[in-house]
Amino acid sequence: MDKQKSSPLSIFLIILSGMLWGTTGVFITYLREAGFDPLQIVFLRSALSTILLGIFLLIKDKSKFKFKLKDIWIFIGTGIISLMIFTICNQIAIKYCSMSIASALLYTSPAFIMIFSAFLFKEKLTGRKVSAIIVTILGCFLVSGILTPGVTVSTIGVIAGVISGLCYGLYSIFGRYGVEKYDTLTVTFYTFLLVTLATIPLANLTGIPAIVSSTKAGVIPLMICFGPITCLAPYLAYTAGLKGTEPGTAGILATVEPVVSTILSIIIFHEVMNWQKVLGIVMILGSVLIVNLRFRKKQKKI
């Protein structure tokens with residue numbers, strides 16, 4: 001990808017996607033409390049997104065459904081390998097650690113993205129990028145509280161969190177191949193569709209009606225909003241942003257997610273705010289600023 005193709009719109013879309021993903025932990029926490037298990041949550045998230053996007057394409061442009069069968073590996077990568085596995089592992093990390101720690105571990109992803117991009121796309125590993133990754137990961141760990149003396153975390157939770165980071169990072173890699181051949185809507189639709197199909201035989205779908213009927217009425221709007229807010233809208237924005245942003249840069253920009261996640265956990269779940277979390281937030285936003293300054297400098301030379 002030529003660097004001159006980067007645009008303010010792409011940067012905005014990537015940051016917007018990160019902010020929307022930052023609300024995921026809140027939805028997952030409430031849905032788990034209602035009785036849904038990880039696979040049921042994955043199904044709810046992807047199925048509704050598939051249906052809504054499918055209806056939109058049927059009305060607006062049926063040609064977006066077309067793709068070459070030889071490229072199915074791209075959608076298996078964005079859907080099953082990335083979205084499905086990362087979501088399941090992220091939920092396991094939330095269960096055994098906390099929402100903020102799971103979010104921090106998820107954002108080891110920029111490092112994975114940078115490494116893969118360097119080998120696959122010959123994306124240059126500049127000192128500015130490496131510095132931004134280091135600052136981002138340290139900031140995420142400070143926000144999560146992992147580095148706080150006396151804090152212990154679950155080994156299972158940490159392993160699941162790192163795997164979620166790896167798989168989340170792979171979306172940028174597979175997605176990069178996808179947007180080079182297909183429209184953003186095509187890539188996003190088949191990503192969701194494959195996740196939905198893969199989840200059907202694994203999730204206990206017959207148990208969903210019983211959970212809904214036995215819980216408060218508020219769980220229904222929660223289920224309806226879950227897919228569009230945490231899946232459909234952010235993945236559309238992120239995939240569109242990949243057209244004009246290097247995968248490594250996109251991975252850093254999206255790290256506004258743990259900032260939003262931490263702020264929401266403090267407001268909604270009354271998690272404690274301390275100087276370490278404040279410093280972590282500043283570091284994460286600083287890494288985003290570092291990347292953005294790099295972008296602005298390049299633009300002036302054009």
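How do the pairs read when you match residues in segment 89-100 that are in contact (Cβ under 8 Å) with a residue 40 or more places away in the chain with residues anywhere that are of a type in the set (D, E, K, R), using Cβ under 7 Å and keeping only pairs 6 or more apart or on different chains?
Listed pairs, sorted by first residue: SER100/GLU271.
Could you identify the single residue in ILE59, ILE92, ILE55, ILE80 that is among the β-branched types (Val, Ile, Thr), open to solvent by 10 Å² or more (accessible area, probe 1.4 Å) and under 20 Å from CYS225 (Cα atoms)? So that I can check it myself, show each step before the final result.
Details: ILE59 fails: under 20 Å from CYS225 (Cα atoms); ILE92 fails: under 20 Å from CYS225 (Cα atoms); ILE80 fails: under 20 Å from CYS225 (Cα atoms).
Criteria check complete, one pass: ILE55.
Just to confirm my filter: which helices (runs of 4 or more DSSP H) fall fully inside segment 224-289 and include at least 2 residues that are farther than 24 Å from LYS122 by Cα and β-branched (Val, Ile, Thr)?
Values: elements: 233-241, 247-253, 256-269.
Here the list reads 256-269.
Does TYR171 satisfy being touching a residue at least 12 places away in the same chain (Cβ under 8 Å), under 21 Å from ILE28 (Cα atoms) and aromatic (Phe, Trp, Tyr)? Even if it seems obvious, please write down each step before you answer.
Details: touching a residue at least 12 places away in the same chain (Cβ under 8 Å): yes; under 21 Å from ILE28 (Cα atoms): yes; aromatic (Phe, Trp, Tyr): yes.
Judged against the criteria, TYR171 is a match.
Does LYS60 satisfy being among the basic types (Lys, Arg) and without any contact (Cβ under 8 Å) to a residue 12 or more places away in the chain? Break it down stepwise before answering.
Values: among the basic types (Lys, Arg): yes; without any contact (Cβ under 8 Å) to a residue 12 or more places away in the chain: yes.
Answer is yes for this residue.
Within segment 81-118, track down each residue that is assigned to a helix (DSSP H, G or I), within 24 Å of VAL135 (Cα to Cα) and of a type in the set (Val, Ile, Thr).
Residues satisfying the conditions are ILE94, ILE101, ILE113, ILE115.
The values are calculated or read from the model by the stated rules, or taken from the named source; none is laboratory data. Predicted, not measured: the structure shown is a model, and the values here were computed from it. Note: ideal-geometry Cβ built from the backbone for every residue, glycine included; neighbour counts use all protein chains shown. Surface areas here come from the heavy atoms of the whole protein model, side chains and all, with no ligands, DNA or RNA. Shrake-Rupley method; radii C 1.70, N 1.55, O 1.52, S 1.80 Å.
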